[in-house]
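Quick one: structure below, then a few questions.
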Amino acid sequence: MGKRRRVAERRKTKRPAVLGGVIAVAVVGGALGAYSLFGGEAAAGAGITASTRKAVKTGPLSASEVTMASTAFLTAWENGDVARAAAATDDSAAATTVLTGFAKDGHISAVTLTGGKHTGAEVPFTVKATVTYKGLTKPLSYTSKLTVVRRTADGAATVGWKPSVVHPDLQDGDRLVTGDAGTPPITALDRHGGELTAAKYPSLGTVLDGLREKFGKTAGGKAGIELRVVRKAAAKGTQKTPDKTLVTLSAGTPGKVQTTLSPTLQAQAERLVAAKPKASVVLMRPSTGEILAVANTDHGFNTAFQGSLAPGSTMKVITASMLFEKGLASPDKPHPCPKTATYGGWKFHNDDDFEIKNGTFKASFARSCNTAFITQAKKLKDDDLTKQAQQVFGLGMNNWAIGVPTVDGSVPVQTAAQMAASLMGQGGVRMNPLNMASVASTVQSGTFHQPYLVSPSVDHRTIATASRTLSATTLAQLREVMQYTAAAGTAAEAMAGLGPDFGAKTGSAEVDNQKQPNGWFTAWKGDLAGAGVVQQGGHGGSTAGPIVAALLKAGSGG
């Protein structure tokens, strides 16, 4: 009888997670080696003394280690054994919190996990489960991945913990919650009244989440019941990332929010970024600040609005305006462009160490000569560039209110070599395509108009303003060098056929441990301005340039 009971109990035990079609178990002395599966924590207290304990294992992970560690985690999670699943990671406390919330707050059950073929230490897997709340039930299905690492303390193979292992949309501090949504859904409309959906415009997924977060409670809708990612509170001085709906159990009644987006230009932007990896672009109207299109190759993060990247030489637009105001440069006056220039102990180079002998500042700007700017660093105060960006271009003050979360650029006060590097868009300077499209817009219109996606008249919010404008003389000089760059400089190929009412600046931003720089481009054509970046794309004129120029052409009807 006792033997039959034990057999029956074993038969009721849930199967281990399948990894790449193979069920992985460890047999040690005829029994399942649970300790080795779940981190070896019991081994140290199981009669193994310091003199007999094995040395910490190092070196690359073997295929069997990857399989064993990942299967241990997936099997325990699938069986609802949070303690064992968390112990199979390198941060059991953090894993326990997220895995417990997955079932308790997310109301997620009947979990089935199926592992795919691992690539090195990375293991993809699919999740199928059921979300149940107040008698309502909906299926949940998605893909995720985990990475096996070697634990520092004992060298054991274990899952490297990240919240994104449990769901790819989870970041540190986020939670999965099923319940009354709180914020009613919205139907977002383009500038002509047509509906905007993520299915039609994939880049707008994060934008639609942001619009709902901002306007859902005031747009006249009624909340439903949903499984959603509830984001952590934003750090001081930053804007909270919007919550994200994953499953709708009971649909609410949506309110309506009209945006400034152009359906034709949005569709064109989507097509253009899809042709390149890691591309982002924004198009806006300088005279008003209306955003006409925003698109990203990566639909999971809105780099165009929330990215924080070194802008490279596109920053020279702001720097040039400052040099003109201070009388340190003039378009047609001679200006040094040596092969190299040293400041603050750093030696700065031009691309391929080119030089321009007996050239003008306009020629240096058009060819994107770095040293033409570095040579002026000794004549500047540490906070000059920061003040120029804030006072004239409205950047770096964390006060934009476009209708969804944004990063508003950063130009910190720096000293010595870092201050010099910031003059050419490196150092601590950080921007995104929205910021740089706004820079081109300010040059075109002569006044900073904060970009916006939803008219301020909808909710009477206060939008950002600049404290001053450039003088007519400085503005004319800045437009002249940007027009020359578009006509005969590094932007000429991309901007061909769009003149004469145009201007542009290219940029390439070096990034540590990245083989190719990020390619940047900002430009205007008539009452349109845009900017784009292609990460790891190389020179901006040949990567981001064609994307921005094509949008300018489409918007101009040409």
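Laboratory data are not the source of any read-out in this text; all were calculated from the coordinates shown. Model, not experiment: these values are computed from the prediction. Neighbour counts are summed over all protein chains in view; Cβ atoms, including those assigned to glycine, are modelled from backbone coordinates with ideal geometry.
Read through the labelled values (1) 100, 62, 38; (2) 70, 67, 46; (3) 70, 62, 54 and report the label of the one computed as Cα extents along the principal axes in Å from the structure.
So the structure-derived entry is (1).
Quick check on the chain: helices-only [θ] at 222 nm, where DSSP H runs of length 4 and up contribute -39,500 (n - 2.57) each and the sum goes over total residues. Nearest 500, please.
-8000 deg cm²/dmol
Does anyone have the angle between helix 205-215 and the longest principal axis of the chain? Alpha-carbon axes, 0 to 90°, nearest 10?
80 degrees
Run the paramagnetic zone check for Ala235: 7 angstrom along Cα to Cβ, then residues of the range 406-442 with backbone nitrogen under 16 Å.
406-413, 428-431
Between Trp346 and Phe301, how high is the FRET efficiency from 1/(1 + (r/R0)^6) when r is the Cβ-Cβ distance and R₀ = 45 Å? Nearest 0.05.
Using R0 = 45 Å, I get an efficiency of 0.90.
Also, I was wondering about something else. What list of ³J(HN,Hα) values in whole Hz, one per residue of the range 158-175 in order, does the Karplus curve 6.51 cos²θ - 1.76 cosθ + 1.60 (θ = phi - 60°) give from phi, with Gly and Pro shown as x?
So the J values, rounded to whole Hz, are 8, 6, x, 6, 8, x, 5, 4, 6, 8, x, 8, 7, 10, 3, x, 7, 9.
Counting other C-beta atoms within 10 Å, and keeping those with at most 15, which DSSP coil trypsin sites (Lys or Arg not before Pro) do you find in the range 362-403?
Answer by residue number: Lys381.
Just list whichever of Lys104/Lys138; Lys128/Lys240; Lys525/Lys553 have alpha carbons separated by over 18 Å in the model shown.
Exceeds cut-off: Lys128/Lys240.
So which trypsin sites (Lys or Arg not before Pro) in the range 49-136 pass both tests, a DSSP loop state and at most 16 other Cβ atoms within 10 Å of the Cβ?
Working: sites: Arg53, Lys54, Lys57, Arg84, Lys104, Lys117, Lys128, Lys134; in loops: Arg53, Lys54, Lys57, Lys117, Lys134.
When the trypsin sites (Lys or Arg not before Pro) of the range 49-136 are filtered for loop state and at most 16 Cβ neighbours within 10 Å, Arg53, Lys54, Lys57, Lys117, Lys134 remain.
Within the range 258-293, which residues have the backbone N less than 20 Å from the label spot 7 Å out from Thr197 along Cα→beta-carbon, could you tell me?
258-271
Roughly what angle does helix 433-445 make with the longest principal axis of the chain, taking Cα atoms, 0 to 90 degrees, to the nearest 10?
With both axes taken from Cα atoms, the answer is about 20 degrees.
Compute the length gained on full extension between Thr469 and Lys326: take 0.36 nm times their separation in residues and subtract their Cα-Cα distance, giving the result in nm to one decimal.
Working: separation 143, 0.36 × 143 = 51.48 nm, distance 1.45 nm.
Separation in residues times 0.36 nm, less the Cα-Cα distance, equals 50.0 nm.
If you line up the long axis of helix 316-325 against the longest principal axis of the chain, both from Cα atoms, how many degrees apart are they, to the nearest 10?
Between helix and principal axis, roughly 40 degrees.
At a 10 Å Cβ-Cβ cut-off, how would you order Ile463, Ile186, fewest neighbours first?
Fewest-to-most Cβ neighbours within 10 Å comes out as Ile463, Ile186.
Something else: Could you work out how far apart the two model spin labels at Gln171 and Ser109 are, taking each label as a point 7 Å from the Cα in the direction of the beta carbon, and quote it in nm?
The modelled label-to-label distance comes out at 3.3 nm.
Hey, another quick one. Rounded to the nearest 0.05, what FRET efficiency is calculated for Val413 and Ser64 with R0 set to 56 Å and r the Cβ-Cβ distance?
The computed FRET efficiency comes out at 0.55.
Here is a further query. Can you grab the distance from the C-alpha centre of the range 422-494 to the C-alpha centre of the range 502-520, Å, no decimals?
18 Å
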